[in-house]
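Inspection log for the structure reproduced underneath, given as structure tokens.
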Amino acid sequence: MDKDTVFVKVSDLIRSVLLQKKLKIEPDNSLSDDLGMDSLGAVELINAVEDEYHISVTEEEMQAIKTVNDAVDLILAKINHN
């Protein structure tokens, strides 16, 4: 699976969590500062990512996700490691 494919899916998951279907998302967007995601939204996003990709994200990994790209990179690392 390539980075662009994962980015598109993560962007869709973010839009779903934030209930903003037309939100423009860039890879370097900060989840909190640029997209307005709060901590509850971040937990919802991680749950959605875990379900979508059948991976497990630790508390430390979750706290390290600051940007959309951080989430994409973590997913790629997890799915390519297994």
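The values are calculated or read from the model by the stated rules, or taken from the named source; none is laboratory data. A quick note: this is a predicted structure, and the numbers were derived from the prediction, not measured. Cβ: placed from backbone, ideal geometry, glycine included. Neighbour counts: every protein chain shown.
Filtering the stretch 1-43 down to residues that are acidic (D, E) and either under 16 Å from I75 (Cβ atoms) or touching a Lys or Arg at 6+ places or on another chain (Cβ under 7 Å) (or both), which residue is surrounded by the fewest Cβ atoms within 10 Å (Cβ to Cβ)? Write out each step before concluding.
Going through the stretch 1-43, the residues acidic (D, E) turn out to be 2, 4, 12, 26, 28, 33-34, 38.
Next cut, either under 16 Å from I75 (Cβ atoms) or touching a Lys or Arg at 6+ places or on another chain (Cβ under 7 Å) (or both) only: 2, 4, 12.
Details: D2: 7, D4: 10, D12: 14.
Checked the stretch 1-43; the qualifying residue surrounded by the fewest Cβ atoms within 10 Å (Cβ to Cβ) is D2.
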**OP:** Would you be able to say whether some residue in the stretch 21-33 is within 25 Å of H81 (Cα to Cα), among the acidic types (D, E) and touching a residue at least 40 places away in the same chain (Cβ under 8 Å)?
**Re:** yes
Original post:
Counting just the residues of the stretch 44-82 that are closer than 19 Å to D2 by Cα and surrounded by fewer than 14 Cβ atoms within 10 Å (Cβ to Cβ), which one comes out modelled with the lowest pLDDT?
Top reply: N82
Original post:
Of these, A77, A42, which one is within 10 Å of the chain's Cα centre (by Cα) and either part of a loop (DSSP other than H, G, I, E, B) or without any contact (Cβ under 8 Å) to a residue 60 or more places away in the chain (or both)?
Top reply: A42
